[in-house]
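Please read the structure below before turning to the comments.
Quick note: the coordinates plus some simple rules give every number you see, no bench work behind them. As the structure is a computational prediction, the values presented were derived from the model and not from experiment. Here the Cβ positions follow ideal geometry from the backbone for every residue, glycine too, while neighbour counts run over all protein chains shown.
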Amino acid sequence: MSDPQENPLIIGFAVGSDDKVRELTWRDVSTDAAKHADERRWFHLDRLAAGTRSWLENAAGLDPGVVGILLQEDTRPRAARYGDGILLNLRGANLNPGAKPTDMISIRIWATDDLVITTRAHPIRAIDDLADAYGAGSPPATHGDLVTFIADRLTFRLEPIVASLEDEADQLEEDWLDQNTPAPKLKLANFRRAALSLRRYIAPQKEALSALVREAGPFLSESAKLRLRDVQDVTTRLAEDLDLARERAVVIQEQIVEQRGEAMNQRLFVLAIISAIFLPLGFFTGLFGVNIGGMPGVDSPFAFALFCFALGLVTAGLLYLFRKADWL
């Protein structure tokens with residue numbers, strides 16, 4: 001395969017009326033996407049490649065509005081009917097080496113009965129699964145089934161990621177409840193950030209799937225609609241699980257703040273008790289330390305001992321009063 005900047009086609013397949021699958025090369029599709037009208041064709045393109053826009057507008061003959069959405073830099077999940085086709089944006093986990101799975105990546109889909117065009121900026125495992133099905137000679141029976149397949153595989157790979165976040169929330173909660181030690185601030189912040197990153201796209205994705213079922217009409221078979229509703233239910237559950245995980249993280253954070261506040265109050269209380277004890281003692285020692293004539297006990301050898309004894313009585317009296325008032 002040539003440089004992706006020159007060749008936007010990542011992979012392509014055509015399925016004939018006899019259900020035979022043939023893989024397409026860039027040479028096959030670079031001139032006219034409408035060849036072989038009796039075939040169902042799927043083209044998967046690199047949206048960052050230099051020739052993608054030109055091919056979509058000229059060879060594929062797509063409306064500029066559709067092309068703009070297929071190549072848009074940042075998108076949220078959505079589904080809408082556009083002319084004779086379905087325009088769909090979905091998000092999947094980023095399972096590429098060195099990437100964070102929670103940094104979800106997009107797949108954009110233009111689908112009609114005889115043509116499907118998908119575009120992406122980063123490799124997506126769901127597309128690999130679809131290519132494997134074509135390569136094995138078992139492609140989806142219709143393009144409605146193809147879209148359903150992609151949505152299903154995207155959701156399938158999100159489930160273990162959300163489950164791992166739930167496990168992490170369990171661990172944070174157990175650390176707090178069992179050991180009474182607050183979770184590290186950075187770890188808790190990273191957890192909340194990951195949950196928020198997933199929630200940002202999973203929540204609108206369930207709405208996009210609902211819109212797809214509603215808007216697709218005869219493009220989707222009844223079995224495909226049923227399967228998409230199942231996928232939508234799973235996506236809804238994932239969004240709810242993420243909401244619960246975030247709420248648990250908020251509770252842990254509030255408990256940490258409460259514990260720190262209680263610890264600070266306890267320290268301030270101890271300091272207040274110490275001040276209450278030493279304030280009268282300081283007053284008496286200051287008073288009797290005045291270097292002027294007429295101070296009682298100046299000539300008595302027992303004066304200092306008696307003074308210390310008196311201070312001890314004052315201290316004991318204060319401690320008794322504090323204990324009686326339940327301050328100690």
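What's the extension gain from ILE273 to GLN72 if we count 0.36 nm per residue and subtract their Cα-Cα distance?
Details: separation 201, 0.36 × 201 = 72.36 nm, distance 6.56 nm.
Going from the current span to full extension adds 65.8 nm.
For Kirkwood radius over Cα pairs in Å, the value calculated from this model appears in (i) 19.8; (ii) 21.6; (iii) 25.1 under label (iii).
The ranking of PHE307, PHE43, PHE283 by Cβ neighbour count inside 10 Å, starting from the fewest, reads PHE283, PHE307, PHE43. Over the chain, Cα pairs under 8 Å with separation of 6+ residues give a relative contact order of 14 percent.
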